[in-house]
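The values are calculated or read from the model by the stated rules, or taken from the named source; none is laboratory data. Please read all numbers here as calculations on a predicted model, not as lab measurements. Glycine gets a Cβ as well: all are built from the backbone with ideal geometry, and neighbour counts include every protein chain shown.
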Amino acid sequence: MVAVSARPKLKTSYQKRHVIAPLHTSGAAAVLSDGARIITCVGEEALLTDVRSGTEICRFEGDTQTITSLCVTPSSSHLVLFTSIPSLRIYELPTAAASSSKRVSPIRVIARAHDAPVHVCAADPTSTYLASGSADGVVKVWDIVRGYVTHVFKGHGGVVSALRFNFPRDLSSLNRPRTLQLITGCVDTRIRIFDLSATGKQADSRPTAVLEGHVSVPRGLDVTSDGRWLLSGGRDSVVLIWDLLSQSDSGKNTSKSKRTQTEQKLSPVLVKTIPALERIEGLFIVNPDRQELGANEGLKGLQCLTAGEKGVIKVWDCEQGAALYSLGDEVESADGQEEQRQIVEAFFLPSTSTVVSLHADQNFLFYSLASRTLTCQLIGFNDEIVDAVFLSPSFQDDETSGKISTDSHIALATNSSLIRVYSRNGLNACLLEGHSEIVLSLARSSSGNLLASGSKDRTARVWLPHPNTSTQEYSWKCAAVCEGHAESIGAIAVSRGPEHDGRAPPSFMLTGSQDRTIKLWDLSSVASGSEEVSRCKSLTTQKAHDKDINSLDISPNDKLLASGSQDKTAKIYEIDFAPGSSGKPSRGEIKLLGTCKGHRRGVWSVKFSRAERVLATGSGDKTVKLWSLEDFSCVKTFEGHTNSVLRVDFMNYGMQLVSSASDGLVKLWSVREEDCTTTLDNHEDKVWALAISADERTILSAAADSVVTFWEDCTEEQDQAKEAKRMEEIEKEQDFQNYLALHDYRRAIELALAMQQPGRLLSLFKKVRAASAAGNEETVFTPPPSVTGNASVDQVIRTLSSQDLGVLLRFVRDWNTNAKTSGVAQTVLYAIMKLRSAEDILGAYDNSAQPVSPEAPFDAPSYATMSKEGTSLKDLVESMIPYTERHLNRMDRLIQESFVVDYILSEMDDGLLDAPDFDDTMDLV
């Protein structure tokens with residue numbers, strides 16, 4: 001007897017597990033001193049993000065204005081930001097790394113901090129003072145905690161471009177008192193030094209020194225720990241080294257007057273000029289190997305780093321004036337990529353010896369000075385995402401566990417020539433450089449360890465992973481280039497490979513272009529270990545459609561090809577490919593088998609089923625169609641999207657379809673029932689990219705809103721939760737029936753209240769009321785034994801807890817709105833009024849909004865969710881009075897009508913009803 005395998009269950013529920021959202025769109029940024037958290041600007045908001053996990057910790061409440069400048073205190077205790085109003089907002093940074101949905105409110109807001117926008121700000125090393133420079137040339141020094149201005153410095157000849165506090169921390173090598181200075185840079189190319197030691201009326205707003213040496217805007221300033229050497233870098237492509245103590249105090253002048261005269265004679269002198277050969281946007285002093293030397297040692301061992309237009313970090317020997325090494329790769333000036341990759345801001349973290357560079361394309365690069373390697377890269381903004389695929393660079397068997405590691409990375413094609421490859425464990429990503437124009441399409445091999453891309457530069461490239469043994473990560477390198485199309489390549493498909501070995505490299509690849517042709521490429525020359533980029537050979541070229549080709553897909557057996565075009569058709573081709581052997585070259589061609597006609601708009605996506613001989617297509621006419629590969633007829637049509645269907649794919653052994661559309665929705669369809677089983681919504685723009693993981697537990701959707709969403713299958717978990725809830729309800733229902741049979745009204749009523757089942761509680765009171773009425777009929781002249789008709793029920797109402805009493809009052813209010821249940825409502829309400837005091841009722845309603853204690857029986861839910869309709873006992877009473885008056889008037893009318901009926905009946909029988917009873921007449925006889 002042949003065992004029949006059970007049909008797989010439909011996947012009906014997916015939930016959002018992880019999101020890659022824009023991290024930085026424009027403006028300033030800051031990195032905390034430990035390098036574990038970063039503050040960025042997205043639109044008009046600032047957000048704090050954990051660098052390692054990529055999770056958003058919190059957002060800071062803004063004033064709907066653009067953020068022009070921000071900084072973090074060295075102690076990582078406060079965040080200071082300026083907006084375009086310009087206003088100053090100071091926040092306390094959260095100490096916990098846990099994510100919070102609440103926005104952090106500022107502890108201090110100064111609405112008009114400057115008269116012009118603030119472009120630079122900096123905090124002193126003690127995290128006490130803040131300096132801000134505005135576009136009108138005014139520099140203010142603030143007390144961060146108290147929020148008042150301590151100094152105001154005017155006289156700058158334009159926009160303030162750089163700020164640095166000079167607070168010497170080690171004066172062992174210099175015989176001079178500790179002073180606090182502020183060094184500023186301005187667009188007038190001058191560097192000014194201000195004394196912050198004097199406060200109040202003694203403060204002098206004039207600079208103690210003005211340094212002239214730059215011929216362009218100075219952007220980087222830094223001072224050595226002893227306060228002697230000042231380094232400045234500007235957009236004139238030079239680094240200047242200044243001796244701030246060129247006439248240092250020798251210590252012989254001991255009198256106060258002589259010492260003051262000596263300090264007044266101090267005049268910084270330009271000591272050295274280092275040509276950087278690039279515009280400098282950031283400069284920092286780094287001397288990991290430099291010991292604190294004496295004053296006579298000069299620049300020996302002093303090192304600095306510069307960041308500028310070439311997109312690299314350079315470390316310099318200040319004594320020799322030569323570059324020691326560089327971090328990163330310089331980008332050639334072709335095609336404008338140099339402007340995208342140039343550094344606009346840099347941060348140096350001495351505690352971790354890390355350099356962070358912010359580039360013009362909103363990307364953050366983390367470099368370790370110790371290992372001189374790139375440790376992390378964060379993509380700030382992906383722009384419009386047009387395609388995405390899962391990748392498995394480490395696709396190999398684990399001999400110990402037998403498991404296979406798959407889908408550890410994702411590749412994104414955005415509105416850029418660079419391909420983004422993300423690790424699924426966080427935000428760390430790498431950029432694949434090779435294409436000269438925007439990448440339009442991506443495809444992967446069946447194993448996931450080969451990536452193919454098509455671009456507007458009319459070329460297709462093949463990428464292979466290269467493991468990095470030091471970081472245990474993978475870098476992707478271009479292994480092959482396919483050239484030959486006359487227009488952009490908008491569709492690409494890779495063969496599945498040998499039937500019994502999904503990890504073997506694919507044999508061929510097909511590309512579709514706006515030149516309306518399909519090309520077949522031989523991939524046999526692509527080798528994973530080769531360092532050279534091979535040139536693939538086109539085996540055949542086929543004129544396929546009358547308009548642009550949007551999508552290609554290859555059948556699971558590598559025998560069929562499907563193409564979708566803007567000409568409203570999908571075509572099926574037979575693939576005839578013979579790999580080369582014994583010195584013979586590979587041979588291949590494609591032959592048209594049939595055309596699928598029926599869509600009223602262009603076909604955006606085609607996909608073969610992996611289980612049946614059918615083809616799915618998504619079109620601009622808002623429908624998904626299923627086509628038979630036998631006669632190329634339309635088998636089924638799925639309607640539900642409100643805009644063009646952009647992507648479609650099969651899953652769950654071909655029993656279900658997944659589609660994404662321009663309406664921002666992802667829909668899951670049942671092929672058999674032809675209906676939508678679930679809709680996933682987390683996008684605000686066209687969902688161009690759709691990918692399914694190898695185990696089909698994760699659906700990836702990426703849209704033009706620059707958001708990537710990972711949807712995790714939770715169908716089994718939800719089914720288990722529903723089953724557990726159903727079993728719990730069955731058990732409670734059985735307990736309720738048992739309590740009723742045993743006349744245990746206390747537990748029955750408490751259980752009905754805990755289960756939130758007013759219907760069962762209503763039936764209980766109806767039974768009690770009916771039993772009481774039946775008992776009164778037997779003993780007409782006996783008064784009712786209790787208020788409700790049952791002494792046990794009276795005792796339950798008399799001793800109900802405050803929370804249960806509040807819930808019962810709300811049930812009574814709901815029952816009272818219906819004439820059929822108003823009798824029970826009035827009976828219960830009368831019992832509550834008779835058996836409980838006014839203070840109990842008032843307290844019960846007030847306490848009913850409190851959460852249930854952990855000891856509450858039957859896992860009762862929070863009563864806070866049940867008090868949304870009313871906030872006081874007054875609301876409850878006012879909602880019951882109109883219905884009660886209506887019921888009373890109805891009863892009066894019924895009584896009046898009953899007398900009318902009695903009168904009519906008595907008139908109709910001519911007094912027969914007043915005659916003696918029949919039994920009495922028989923006695924007379």
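Here is a yes/no grid of residues against (1) among the aliphatic types (A, V, I, L, M); (2) more than 53 Å from the chain's Cα centre (by Cα); (3) modelled with pLDDT of 85 or more; (4) over 18 Å from ALA741 (Cα atoms):
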{"residue": "ARG760", "(1), (2), (3), (4)": "no, no, no, no"}
{"residue": "ALA774", "(1), (2), (3), (4)": "yes, yes, no, yes"}
{"residue": "PRO783", "(1), (2), (3), (4)": "no, yes, no, yes"}
{"residue": "THR788", "(1), (2), (3), (4)": "no, yes, no, yes"}
{"residue": "VAL793", "(1), (2), (3), (4)": "yes, yes, no, no"}
{"residue": "ARG798", "(1), (2), (3), (4)": "no, no, no, yes"}
{"residue": "SER801", "(1), (2), (3), (4)": "no, no, no, yes"}
{"residue": "ASP804", "(1), (2), (3), (4)": "no, no, no, yes"}
{"residue": "LEU808", "(1), (2), (3), (4)": "yes, no, yes, yes"}
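Look at region 717-741: where a residue is in contact (Cβ under 8 Å) with a residue 24 or more places away in the chain and a partner is surrounded by 13 or more Cβ atoms within 10 Å (Cβ to Cβ), sitting 6+ places away or on another chain with Cβ atoms under 6 Å, you get GLN718/SER13; LYS732/MET755; PHE736/ALA748; PHE736/LEU751; LEU740/ALA748. Screening GLU684 against (1) outside any strand (DSSP E or B); (2) of a type in the set (Asp, Glu); (3) within 30 Å of the chain's Cα centre (by Cα); (4) surrounded by 14 or more Cβ atoms within 10 Å (Cβ to Cβ) leaves a single unmet condition, (4).
Any chance region 821-844 includes a residue that's outside any helix (DSSP H, G or I) and at pLDDT 85 or above? So far as region 821-844 goes, yes, one or more of its residues are outside any helix (DSSP H, G or I) and at pLDDT 85 or above.
Restricting region 129-164 to residues that are surrounded by 18 or more Cβ atoms within 10 Å (Cβ to Cβ) and of a type in the set (Ser, Thr, Tyr) leaves a set whose member that is nearest to ASP222 (Cα to Cα) is SER161.
Remark: pairs (first residue in region 619-642, among the acidic types (Asp, Glu); second residue assigned to a strand (DSSP E or B); Cβ separation under 6 Å; 6+ apart in sequence or on different chains) = GLU639/THR623.
Filtered by the rule that a residue be surrounded by fewer than 19 Cβ atoms within 10 Å (Cβ to Cβ) and among the charged types (D, E, K, R), region 415-445 gives ARG424, GLU433, GLU437.
Listed here are the residues, each with its yes/no results for (1) of a type in the set (Gly, Ala, Ser); (2) under 34 Å from the mean Cα position of the chain (by Cα).
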position: VAL614; (1), (2): no, no
position: SER619; (1), (2): yes, yes
position: ASP631; (1), (2): no, no
position: VAL635; (1), (2): no, no
position: VAL648; (1), (2): no, yes
position: MET651; (1), (2): no, yes
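When GLY448, GLY454 are checked against the criterion of being at positive phi, crowded, with 23+ Cβ neighbours inside 10 Å and either of a type outside the set (Ser, Thr, Tyr) or modelled with pLDDT of 90 or more (or both), a single residue qualifies: GLY448. The set of residues in region 312-341 that are at pLDDT below 90 and either in contact with a His (Cβ under 6 Å, 6 or more places away or on another chain) or surrounded by 21 or more Cβ atoms within 10 Å (Cβ to Cβ) (or both) contains only ARG341.
Does SER563 fit the bill of being assigned by TED's automatic domain parsing to the domain that holds GLY654, of a type in the set (Ser, Thr, Tyr) and without any contact (Cβ under 8 Å) to a residue 12 or more places away in the chain?
Answer is no for this residue.
Does VAL603 satisfy the criteria of being within 23 Å of the chain's Cα centre (by Cα) and hydrophobic (A, V, I, L, M, F, W, C)? Criteria not met by VAL603.
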